[in-house]
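Let me begin by presenting the structure, written as structure tokens, before commenting on it.
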Amino acid sequence: MNTSNLVIALTKGRILEETLPLFEQADIVPTEDIATSRKLIFDTNHTNIKLLVMRGSDVPTYVEFGSADMGVAGKDLLLEYGSEGFYEPLDLKIAACRLMTAEPVNASPVADRLRVATKFTNIAKKYFAERGIQIELIKLNGALELAPSLGLADSIVDIVDTGNTLKANGLEPRELIANISSRVIVNKASMKIKNAVIREILCKLRTAVDSA
Ligand code: PRP
């Protein structure tokens with residue numbers, strides 16, 4: 001492996017569980033168990049490669065500003081953040097789900113301005129604007145599925161995996177906004193300066209994805 005120092009920001013939680021086996025196949029292995037440690041930065045089997053573990057919503061920021069050279073984050077968070085600040089060279093095809101609108105089962109069309117609750121405010125703004133639908137955005141950070149039944153919103157924009165959370169809260173999926181999976185992103189300057197080591201990692205990860 002090339003000797004350039006390299007920092008990779010990983011998304012904690014379910015994405016991390018699916019990321020680590022791919023990294024292991026690409027010969028990048030943390031020297032201690034990330035799952036049981038409270039540390040946020042980890043050494044690997046390569047002295048020049050370190051792993052950071054953080055919330056997915058912070059990964060694009062660390063990569064755009066160069067504190068991390070590479071990162072792994074869900075496409076939902078990348079769409080919400082905006083894609084100008086980094087390259088997105090690889091789809092890891094893990095943590096697959098859908099970003100959807102959802103409404104109460106059998107809800108009738110809303111006559112007034114549609115009230116939409118979501119944590120994905122930029123995505124929702126763009127999605128409804130492109131369709132000429134005027135909305136009132138209500139920013140929430142979780143428990144979105146409660147908003148319609150409590151009269152806070154007519155519709156939500158959220159991640160749907162099995163659909164069980166929607167169903168359990170009297171909601172049904174409506175429109176697909178985007179298919180989601182986790183992507184590798186790369187800082188633009190790092191891609192030039194550390195091209196050899198980054199290309200080598202991307203190549204090994206691509207092989208791991210293709211053989212999964
Ligand atoms: C996501 C999403 C839904 C749920 C959907 O939440 O916000 O609540 O998963 O999954 P399902 O379709 O299989 O029921 P997550 O548990 O990732 O936590 P979050 O609220 O922090 O996003």
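The values are calculated or read from the model by the stated rules, or taken from the named source; none is laboratory data. All of these numbers come straight from a predicted model, not from anything done at the bench. Using ideal geometry, Cβ is built from the backbone for each residue, glycine included, and neighbour counts are taken over all protein chains shown. Quick note on the areas: whole protein, heavy atoms, side chains included, nothing else; ligands and nucleic acids left out. Shrake-Rupley method; radii C 1.70, N 1.55, O 1.52, S 1.80 Å.
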Suppose we filter 67, 4 for residues that are within 22 Å of residue 207 (Cβ to Cβ), open to solvent by 30 Å² or more (accessible area, probe 1.4 Å) and among the small types (Gly, Ala, Ser); which single one remains?
4
Which numbered condition in (1) more than 10 Å from the ligand (Cβ to nearest atom); (2) of a type in the set (D, E, K, R); (3) in a strand (DSSP E or B) is the only one that residue 98 fails?
(1)
The one condition residue 50 fails out of (1) without any contact (Cβ under 8 Å) to a residue 12 or more places away in the chain; (2) within 15 Å of residue 5 (Cα to Cα) is (1)
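Residues checked against (1) open to solvent by less than 70 Å² (accessible area, probe 1.4 Å); (2) of a type in the set (Lys, Arg):
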| residue | (1), (2) |
| --- | --- |
| 12 | no, yes |
| 38 | no, yes |
| 43 | no, no |
| 94 | yes, no |
Could you grab me the full set of residues in region 103-139 that are under 19 Å from residue 82 (Cα atoms), open to solvent by 70 Å² or more (accessible area, probe 1.4 Å) and assigned to a strand (DSSP E or B)?
139
Only one of 185, 193 that is surrounded by fewer than 15 Cβ atoms within 10 Å (Cβ to Cβ), under 23 Å from residue 73 (Cβ atoms) and assigned by TED's automatic domain parsing to the domain that holds residue 74:
193
What's the number of the condition residue 101 fails, among (1) in contact with a Phe, Trp or Tyr (Cβ under 9 Å, 6 or more places away or on another chain); (2) within 30 Å of residue 66 (Cα to Cα)?
(2)
Could you tell me whether any residue of region 58-79 is among the acidic types (Asp, Glu) and part of a strand (DSSP E or B)?
no
Any chance region 140-158 includes a residue that's away from the ligand (no atom under 14 Å from the Cβ), crowded, with 16+ Cβ neighbours inside 10 Å and assigned to a loop (DSSP other than H, G, I, E, B)?
yes
Does residue 93 fit the bill of being under 29 Å from residue 182 (Cα atoms) and either of a type in the set (Val, Ile, Thr) or within 15 Å of the ligand (Cβ to nearest atom) (or both)?
no
